[in-house]
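J.: Before I ask anything, here is the structure I am working with.
The values are calculated or read from the model by the stated rules, or taken from the named source; none is laboratory data. These figures come from a predicted structure and were not determined experimentally. For neighbour counting, all protein chains shown are included, and Cβ atoms are generated from backbone atoms with ideal geometry for every residue, glycine included. Ligands, DNA and RNA are excluded from the accessible area calculation, which covers all protein heavy atoms including side chains. Shrake-Rupley method; radii C 1.70, N 1.55, O 1.52, S 1.80 Å.
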Amino acid sequence: MCTCRWETRSVLLGTKWPQLPWLPKGPLSLTQEQGVGGTMAQTDVLLTKEPTPQAVPACELPQKVYDVARNVGACSSSGLATAGFRSAKYLADEWSQNCYARYHQAFADRNQSERRRHESHQLAAKTQALARCSQEDATRKAGARLQDTHGWKSELQREVGELGTESDLLLAQKQRLARALDATSVPFSIATDNLQCRERRQHPDLVRDCVETELLKEAELIRNIQELLKRTIMQAVNQIRLNREQKETCEMDWSDKVEAYNIDQACAHYHNQSTDVQFHPYSAKFEESASTPETWARFTQENLCRAERERRASANLRVLIDCILRDVAEDLRLQCDAVNLAFGRRCEELEDTRHKLQNHLHKTLREITEQEHNVAALRQAIKDKEAPLKVAQTRLYQRSHRPNVELCRDAAQFRLMSEVEELNMSLTALKEKLLEAEQSLRNLEDTRMDLEKDLAVKANSLFIDRQKCMTHRTHYPTILQLAGYQ
């Protein structure tokens, strides 16, 4: 009853195939059977079990012709072309594997979908909360802005009123100056000589300090007394003009603040249910001429400072006029005392600064020494890293000559590569630190030179202020001489 596959195939095809030496004697895989038969349909499923070997060799059985029952039903995949070969039907294990694959794919798709839904819900909630917080923060910022604007607006309004009052008072003083006459001799040479001596100060001590301010004020006071009527009146007129200019500037700034306050107040009342809001896609940009909060506050603050400065200058001028009318000699003596006091404070500042510079110079010299040691240590550290780097790179180079499959990316190879990378990073960091240390050393050297130069400048300034100017001011006329009693 048993025949080999080759005899059965020969009977079905009407040809007896001999046992050829090049044909495989063992069981054929699906690929081999398709290559030989050429009539079986292709399938993506591989055999999971090897067919049962024949009990009797093909060469020992007699050749018989069998009438093979053909299953040519509608749901059958067997037929004459597949006789003796594996059927196109899948095995039970393959069917199970296919089902498990479908289960796994469905589970993975559901899991990914659920994760994405969760992320979408989180993103939507996060953006909603962010939008709400952003709008609330913007509303708070707008409220704070309204408070700032209101505060500056009130300050400007107050300053405008005070400037108007001050201008009226100065105008009344100018009318008094028209009827005032006074004459006095003025010690102009001492003030001029002091100013000329201080011009010989060296940089950076050639500054407009409080002493020079007081000396200029003294010289200005002397010239005012000499001219008395004409010059004081012109000065009062000029001060009135400055007061009015600052008043106009403050009024314009106040007007802008009022308009901006109304706009910001309308913006602060907008909300998501407002009916008069719409899209303005090109509004979310900064204008080139827009100011910053710092420049905005500084602009108003500078206006207030200028207005207050002019107002104070106007008040000082009125006081000066009263003093001129009351006692010119007393004013000159008081100014002389103020100049002497400023000289004393300036000399104390110069002396204190010189001591501090000497202290910093000593510390700088010590730091230069420490930094030089640090530079040497960094260079030695860089040199110490060269030997380990050579060792690691040599190991890598030698291991690159391993033959064939021995050229393996083993743990030693990875460790050597990381070691080289670590050494290179260490060298880079050390070299960068060395450059910084060298630059710091150069900066310290420059600082040392600057400190030494500054010490020499301070000594020169002290000599001018203490030995020249203050000695000369001891010959200043007494109040009796200024009053004309002597």
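J.: Out of the residues in region 329-358 that are within 42 Å of the chain's Cα centre (by Cα) and of a type in the set (A, V, I, L, M, F, W, C), state the one that is surrounded by the fewest Cβ atoms within 10 Å (Cβ to Cβ).
T.: Among them, the one singled out is L357.
J.: Okay, next question. So which of M234, M252 is closer than 30 Å to E330 by Cβ, out of contact with any Phe, Trp or Tyr (no Cβ under 6 Å at 6 or more places or on another chain) and open to solvent by 100 Å² or more (accessible area, probe 1.4 Å)?
T.: After ruling out the rest, the residue left standing is M234.
J.: Does region 201-211 include one or more residues that are at pLDDT below 85 and surrounded by 14 or more Cβ atoms within 10 Å (Cβ to Cβ)?
T.: There is at least one residue in region 201-211 that is at pLDDT below 85 and surrounded by 14 or more Cβ atoms within 10 Å (Cβ to Cβ).
J.: If we scan region 166-189, do we find a residue that is in contact with an Asp or Glu (Cβ under 8 Å, 6 or more places away or on another chain), hydrophobic (A, V, I, L, M, F, W, C) and modelled with pLDDT of 85 or more?
T.: No - not one qualifying residue is present in region 166-189.
J.: Something else about it: Could you check region 373-410 and list, in sequence order, the residues that are farther than 24 Å from E432 by Cβ, open to solvent by 80 Å² or more (accessible area, probe 1.4 Å) and in a helix (DSSP H, G or I)?
T.: Passing the criteria: R395, Y397, Q398, N404, V405, E406.
J.: Which of the residues belonging to region 370-409 are under 22 Å from E422 (Cα atoms), modelled with pLDDT of 90 or more and among the small types (G, A, S)?
T.: Scanning region 370-409 gives A377, A381.
J.: Go through (1) over 23 Å from A338 (Cβ atoms); (2) exposed (fewer than 15 other Cβ atoms within 10 Å of the Cβ); (3) at pLDDT 90 or above one by one and return the number of the condition N243 breaks.
T.: Evaluating N243 over (1) over 23 Å from A338 (Cβ atoms); (2) exposed (fewer than 15 other Cβ atoms within 10 Å of the Cβ); (3) at pLDDT 90 or above leaves (2) as the failure.
J.: For region 250-269, enumerate the residues that are under 33 Å from the mean Cα position of the chain (by Cα) and among the hydroxyl-bearing types (S, T, Y).
T.: Y261
J.: Identify all residues within region 246-274 that are of a type in the set (S, T, N, Q) and either farther than 30 Å from A138 by Cβ or in a helix (DSSP H, G or I) (or both); write none if there are none.
T.: Q246, T249, S255, N262, Q265
J.: Any residue at all in region 449-458 that's among the basic types (K, R) and open to solvent by less than 50 Å² (accessible area, probe 1.4 Å)?
T.: yes
J.: Give the residues of region 423-448 that are free of Cβ contacts under 8 Å to residues at least 60 places away in the same chain and either open to solvent by 90 Å² or more (accessible area, probe 1.4 Å) or farther than 30 Å from T394 by Cα (or both), sorted by residue number.
T.: M425, K431, E432, K433, L435, E436, Q439, R442, N443, D446
J.: For region 296-328, what are the residues that are open to solvent by 80 Å² or more (accessible area, probe 1.4 Å) and closer than 14 Å to K247 by Cβ?
T.: R309
J.: A follow-up question, please. Scan region 170-180 and give yes if some residue there is open to solvent by 10 Å² or more (accessible area, probe 1.4 Å) and under 46 Å from the mean Cα position of the chain (by Cα), otherwise no.
T.: No, region 170-180 has no match at all.
J.: What residue, among those in region 255-293 that are at pLDDT below 85 and among the acidic types (D, E), is surrounded by the most Cβ atoms within 10 Å (Cβ to Cβ)?
T.: D264
J.: I've got another one for you. With without any contact (Cβ under 8 Å) to a residue 60 or more places away in the chain, in a helix (DSSP H, G or I) and not aliphatic (A, V, I, L, M) as the only criterion, which of N224, N243, N303, N238 stands out?
T.: The unique qualifying residue is N238.
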